1. Tally up the residues in region 146-192 that are closer than 18 Å to Tyr70 by Cα, among the polar types (S, T, N, Q) and surrounded by fewer than 23 Cβ atoms within 10 Å (Cβ to Cβ), please.
2. With respect to Leu185, is the statement that it is closer than 25 Å to Trp78 by Cα and modelled with pLDDT of 95 or more true?
3. Report, by residue number, each residue of region 39-97 that is touching a Cys at 6+ places or on another chain (Cβ under 9 Å), without any contact (Cβ under 8 Å) to a residue 24 or more places away in the chain and not acidic (Asp, Glu).
4. Take the residues in region 1-51 that are under 30 Å from Val77 (Cβ atoms) and β-branched (Val, Ile, Thr); name whichever of them is farthest from the chain's Cα centre (by Cα).
5. Of everything in region 49-86 that's β-branched (Val, Ile, Thr) and under 22 Å from Leu11 (Cα atoms), which residue is surrounded by the fewest Cβ atoms within 10 Å (Cβ to Cβ)?
6. Just name the residue that is nearest to Ile110 (Cα to Cα) out of those in region 46-67 that are of a type in the set (S, T, N, Q) and assigned to a loop (DSSP other than H, G, I, E, B).
7. Among the residues of region 20-33, what is the count of those that are in contact with a Gly (Cβ under 8 Å, 6 or more places away or on another chain) and either modelled with pLDDT under 95 or under 23 Å from Val285 (Cβ atoms) (or both)?
8. Among the residues in region 105-112, are any touching a Ser or Thr at 6+ places or on another chain (Cβ under 9 Å) and surrounded by fewer than 17 Cβ atoms within 10 Å (Cβ to Cβ)?
Amino acid sequence: MDKTTPRITVLAAPAQHPEGPDFFENGDIVYVETWLGKVSCYRPGRGAVDFAITHGGPNACAIGSDGCVYVTQIGSVWRSWRAERPAVPGIQRIHPNGKVETIIDRVDGIVCAAPNDLCFGADGRLYFSDPGQWIGAPDHGPTYIFAVSPDGKGEVIAEMGEVFPNGVVADRTAGIVWGETQSRLIKRKRPDQPVEILGQLPQGHMADGLKFDDRGRLWITTVLGGGFDVLDPETGAMEFVPCPHYPLNCVFQGDALIVADRGLWDDASGDVARDGRLIKVDVGVGGPPLFRGALT
């Protein structure tokens, strides 16, 4: 794989902590802006517009088979950041008419702390990670990967300690794969099988968002690593593709990755960077269609 930086096109900027991109069949791309409490939409040839106001801190979005946009909501506090208008941590649903509602605030009796990423699986369930607040926060409890069926019944797929489960993606075998930011481990859970470790990112690389390409490899945003670690989950082989700044999450669209880029670090702003970008990275490989589902 060519380790030179691929061609990059800026689609929308600035964006205040963009995350979790996904796209409609017409090519419109939705993404969250966490610090602004909203979901934005990039429309090719027309630029970015507001899609919906969620309040709180939306952290990722996924389009459902019902035309709604499902959003992970971290709530109203993240390290030094405070939301202008609070929201309940959980999963929100944005209807085509713009209505925003909280549909999940707990799973199997466990109250959501700060859900991070989400996806629909091959089994039609909605999967999402809940790492809570950042590592070292006072009274940090267990962290989870949850699954919720279309009828709303949920269960814990995995319970962990302070490893910060982050990006999640479904594979073709009805399994779920996630990355752990602190441990740098990439893990998979298949039905009726124990959790397995697929690989570990290099030192200094923080596992965040991840997607499968057409060859079955995982493209993993490394945030501080400045690019993508590309992992073959069957062999453990790993390559690196550079991408400037701080890539947080991604989705394949054609032969390119649409990437939510956190932007350049600003020491004065602490962890609240305001100059993020939605970018297109021409990587020369595509990805399989994402699974779509809906909750009633």
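The values are calculated or read from the model by the stated rules, or taken from the named source; none is laboratory data. Source: prediction; values computed, not measured. Every residue, glycine among them, receives a Cβ derived from its backbone with ideal geometry; neighbour counts consider all protein chains shown.
1. 1
2. Yes: the conditions hold for Leu185.
3. Matches in region 39-97: Val49 only.
4. If we take residues in region 1-51 being under 30 Å from Val77 (Cβ atoms) and β-branched (Val, Ile, Thr), then Val49 is farthest from the chain's Cα centre (by Cα).
5. Among those that are β-branched (Val, Ile, Thr) and under 22 Å from Leu11 (Cα atoms), it is Val49.
6. Thr54
7. 2
8. For region 105-112, residues touching a Ser or Thr at 6+ places or on another chain (Cβ under 9 Å) and surrounded by fewer than 17 Cβ atoms within 10 Å (Cβ to Cβ): absent.
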